[in-house]
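Here the structure is laid out as structure tokens; the discussion comes afterwards.
Nothing in this text is a laboratory measurement; each read-out follows from the coordinates by a stated rule. Computed from a predicted model, the values in this text were never measured in an experiment. Methodologically, a virtual Cβ is constructed for each residue, glycine included, from the backbone with ideal geometry; neighbour enumeration extends over all protein chains shown.
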Amino acid sequence: MSFLDSLIRKLSGEVRNGLGNSIKNAVDKAANTITKTLTFNTLPEDLNQLKALPGADLKDPYSVAALSVLALCEFAKNREASIEMLNYLKGPRPLSQMEINFMNDRFMDGVDYIPRSYLGGTSPDNDYTPTVPYTVTVNEFAHSRDNYKDGYLRIFIRSSGADSERFLDLRLKPSTGQWFLWEFSGMLLGIRIPTSKNEWA
């Protein structure tokens, strides 16, 4: 067998193995996925309205993740109300000044659409306008529970302006059985701008 034949055979094997691993990873992800869509008739404008929504007892982690999206949607309109809702969802560990500064930065220059992109029916083409009733689809993947024994759960949510899911982390308080928002900064990373604001569209 020539050197070239050996090289081709070796590379073909690596391609097959790589493809096989990709397929296996995709199958594993699908097999270990929990998807839940939560529906809300209104978007809360203050803490009292948030507390009136399903899941506001914070016993269901998927509801806490969805409520976090709703609370973020209010930030551009009423920052104080949004912060109050987020602090309720964060429980014993309220927002730090660094987190608030980060949020202020992410919402600068009229960028109010990132949180809305996690709601059903949105897209860059409709300026991230959600359908009503409002829906948030949350996902738990294979590695979501890697730190579950320590009380942490990672929830993934697809933004209609991004190519892959973003995540937020929740933490369980065993004494109450409640799940609280722990980390969410990745939810506010940049996405495709609305078509109406895109001068190259």
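Some points to look at:
- Total charge dipole magnitude, the range 118-201, about the Cα centre, Cβ charges on Lys, Arg, Asp, Glu only, Debye to nearest 20: 280 debye
- Magnitude of the charge dipole, the range 32-197, Cβ model with Lys/Arg +1 and Asp/Glu -1, debye to 20: 340 debye
- The range 32-197, relative contact order in percent, only Cα pairs under 8 angstrom and at least six apart counted: 26 percent
- Per-residue 3J(HN,Hα) values for the range 188-198, derived from phi via the Karplus relation 6.51 cos²θ - 1.76 cosθ + 1.60 with θ = phi - 60°, read 9, 5, x, 9, 4, 6, x, 4, 5, 9, 9 Hz in sequence order (x marks Gly and Pro).
- Fewest neighbouring Cβ atoms within 10 Å first, the residues D109, D60 line up as D109, D60.
- Counting other Cβ atoms within 10 Å as a rough exposure proxy, the listed residues R116, R93 run R93, R116 from fewest neighbours to most.
- Protection-proxy order for peptides 144-151, 118-125, 76-83, each taking the mean of Cβ atoms within 10 Å per residue, highest first: 118-125, 76-83, 144-151
- J(HN,Hα) series, the range 104-121, from Karplus relation 6.51 cos²θ - 1.76 cosθ + 1.60, nearest Hz, glycine and proline x: 4, 5, 5, 9, 5, 6, x, 7, 10, 9, 4, x, 5, 5, 8, 8, x, x
- The ranking of V111, V136 by Cβ neighbour count inside 10 Å, starting from the fewest, reads V111, V136.
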